[in-house]
2 protein chains.
Amino acid sequence: MQEHTLSSYDEQLAEIASDLNEMGRMAWRLTADALEALGSSDAAKAHEVIEADKPIDEMQQRIEQLAVLTIAKYQPMAVDLRVLVAAMRVANDLERVGDLAKNIAKRTIAIDAPLRSQKLMTSFRQLSKLVLSQLETVLAAYAARDGKMASEVRARDGEVDAIHTSVFRELLTYMLEDTRNIAMCTHLLFCAKNIERIGDHATNVAETLHYVLTGEMLEDDRPKADASSQAS
Amino acid sequence: MQEHTLSSYDEQLAEIASDLNEMGRMAWRLTADALEALGSSDAAKAHEVIEADKPIDEMQQRIEQLAVLTIAKYQPMAVDLRVLVAAMRVANDLERVGDLAKNIAKRTIAIDAPLRSQKLMTSFRQLSKLVLSQLETVLAAYAARDGKMASEVRARDGEVDAIHTSVFRELLTYMLEDTRNIAMCTHLLFCAKNIERIGDHATNVAETLHYVLTGEMLEDDRPKADASSQAS
């Protein structure tokens, strides 16, 4: 771990909060760009997304390092300690969001053909729009320490899962209809799954905010409507 | 964060190391059981795997809490601080391994039919065997602080990716041959991907050990042979 000159405790906290905000914006932007590249079969944009994931990884390491050094130097207790642990958790979730967006971009390049099914495109757009909104809302809730807004994000994850399951079924149908769709639809199955998982990370951020505000970890008992791993 | 009575620094470090070993054994066991359930279409075993993931999640929280409180209380520097940060990272990777094993178990229940292709079963067995060996080796390397053994795990990740890509292609062929295979093969595509990702987490543990031993983070430049997200 590199040496890092620590300024005052409050300055450290403000710097971490600001980095986390910046990282949230970067992860949201990368997701939006990946989904736009996917929707418009834009290989050039997909290549940009792949490149732009690296600064997000670096930001995670920076936040982890700052948080750990702040804990070591100032020995914060209770809520102050939770804020720092939470910063590391959120940075971890946002790093995963970046990876998932990058994977969508890689598959966009592999697909290299427009989606021919209008119905499928509409479903993908619906899923993308909801997940981007979930991510945006939870990042705003986190910055504002708004537990109510975060709970709403958590409650809506079931909706993400339901749309994902429906996209999953449509893709299966499309594969059954014409075997020439199989290779492309396989990539799209993974893209849909990645979008759904970005939604899960938004939910994780909501749960981390609950932990900051209350000191309690939420049990993983939120309504699960993603039946895609059970579908037969 | 709960209060935790801290004993001496060395005792704390020993407790964290012991928890991490235990967590490694749990995650390896869960993976082995999930892969056995998948290979033998054993729904009862798959249900056991789903249940057994919870203690792994709890162990992660426990290790994170202990590591953070130890950092706050003892303000360790240099290698001591790295050991604690690394414990949190490894616990995070092992928690993800548990989730991936659980997802394989869920899909095993959904598939509910034996794999009819001998060739496919052989490929899955080969992939499973290699990934279990990677996980076992990296956990032993981590416990023994054996950087050389860990490097070997990292070097072999390309082999995991190559087998995964080959399984991916076989599954596509199998779907093209007979559309009745599509639903089952879709689950198997995700299972294969999950196994490959368990291999990635083994590699992450190897990289975390390198960080403990040297203070340097490895760039993500290891040979990538997983062409499945590029395959068209």
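Chain B: longest stretch without exposed trypsin sites (Lys or Arg not before Pro) (DSSP loop, at most 13 other Cβ within 10 Å), sites themselves excluded?
B:1-115
Buried by at least 20 Å² relative to the chain on its own: which residues of the range B:54-80 qualify, computing accessible area with a 1.4 Å probe on protein heavy atoms?
B:Lys54, B:Gln61, B:Glu64, B:Val68, B:Ile71, B:Ala72, B:Gln75, B:Met77
For Cα pairs less than 8 Å apart in space and 6+ apart in sequence, what is the mean separation divided by the residue count of the range B:76-192, i.e. the relative contact order in percent?
28 percent
Between copies, how far apart are the B:Glu15 label points? List them in nm, one decimal, shortest first, with each point 7 Å from Cα toward Cβ, please?
Its label point is 3.1 nm from the equivalent points in the other copies.
Using a 7 Å offset from Cα along the direction of the beta-carbon, what are the separations from A:His47 to the same position in each other copy, nm, ascending?
5.3
Tell me the label-point distance for the pair A:Gln75, B:Asp80, using the 7 Å Cα-to-Cβ offset, in nm and rounded to one decimal.
1.3 nm
Each residue of the range A:183-194 in turn: what ³J(HN,Hα) in whole Hz from Karplus with 6.51, -1.76, 1.60 and θ = phi - 60°, glycine and Pro shown as x?
Taking θ as phi minus 60°, the curve returns 4, 4, 5, 4, 4, 5, 4, 5, 4, 4, 4, 4 Hz for the range A:183-194.
For the pair A:Glu159/A:Ala113, report the inter-label distance in nm, with labels modelled 7 Å from Cα in the Cβ direction.
With each label placed 7 Å out from Cα toward Cβ, I get 3.4 nm.
With a 1.4 Å probe on protein heavy atoms only, tell me which residues of the range A:110-156 lose at least 20 Å² of accessible surface in the complex relative to the chain by itself.
Buried by 20 Å² or more upon assembly, which counts only protein chains, are A:Ala110.
Identify, among A:Tyr74, A:Ala32, A:Leu171, the residue whose Cα sits farthest towards the positive end of the charge dipole of the protein assembly as shown, taking +1 on the Cβ of Lys and Arg and -1 on the Cβ of Asp and Glu, with the dipole about the Cα centre.
Comparing the listed Cα positions along the dipole, A:Leu171 ranks first.
Considering only protein heavy atoms and a 1.4 Å probe, what is the carbon-and-sulfur percentage of the accessible area of the protein assembly as shown?
Solvent-exposed carbon and sulfur of the protein assembly as shown make up 51 percent of the total.
Based on Cα coordinates alone, diagonalise the gyration tensor for chain A, multiply each eigenvalue by 5, take square roots, and list the semi-axes in whole Å, largest first.
36, 20, 12
Given the rotation relating B and A, tell me which residue in B puts its Cβ closest to the axis and the distance in Å.
Measuring from each Cβ to the axis, the minimum is at B:Ile71, 2.
With θ set to phi - 60°, apply the Karplus curve 6.51 cos²θ - 1.76 cosθ + 1.60 along the range B:154-166 and write out the HN-Hα couplings as whole Hz, x wherever there is a Gly or Pro.
Running phi through 6.51 cos²θ - 1.76 cosθ + 1.60 with θ = phi - 60° gives 4, 5, 7, 4, x, 5, 4, 4, 5, 5, 4, 4, 5 Hz.
Enter the buried accessible area of the A/B pair, total of both sides, probe 1.4 Å, in Å² rounded to the nearest 100.
The A and B chains share an interface burying roughly 3800 Å².
Which value in nm describes the separation of the simple spin-label points at A:Leu218 and A:Glu36, placed 7 Å from the Cα toward the beta carbon?
Distance between label points: 3.0 nm.
Suppose every Lys and Arg Cβ carries +1 and every Asp and Glu Cβ carries -1, with no other charges. What dipole size does chain B come out with about its Cα centre, to the nearest 20 debye?
Using Cβ point charges on Lys, Arg, Asp and Glu, chain B gives about 660 debye.
If we hang a label 7 Å off Cα along the beta carbon direction at A:Glu152, how far is it from the matching labels on the other copies, in nm, shortest first?
5.6
What does the charge dipole of the range A:111-190 about its Cα centre add up to, to the nearest 20 debye, if the Cβ of each Lys and Arg holds +1 and the Cβ of each Asp and Glu holds -1?
About 120 debye.
The values are calculated or read from the model by the stated rules, or taken from the named source; none is laboratory data. Just so it is clear, the model here is predicted, and its values are computed rather than measured. Virtual Cβ from ideal backbone geometry, glycine too; neighbours counted across all protein chains shown. Note: accessible area is taken over every heavy atom of the protein model, side chains too, but ligands, DNA and RNA are not part of it. Shrake-Rupley method; radii C 1.70, N 1.55, O 1.52, S 1.80 Å.
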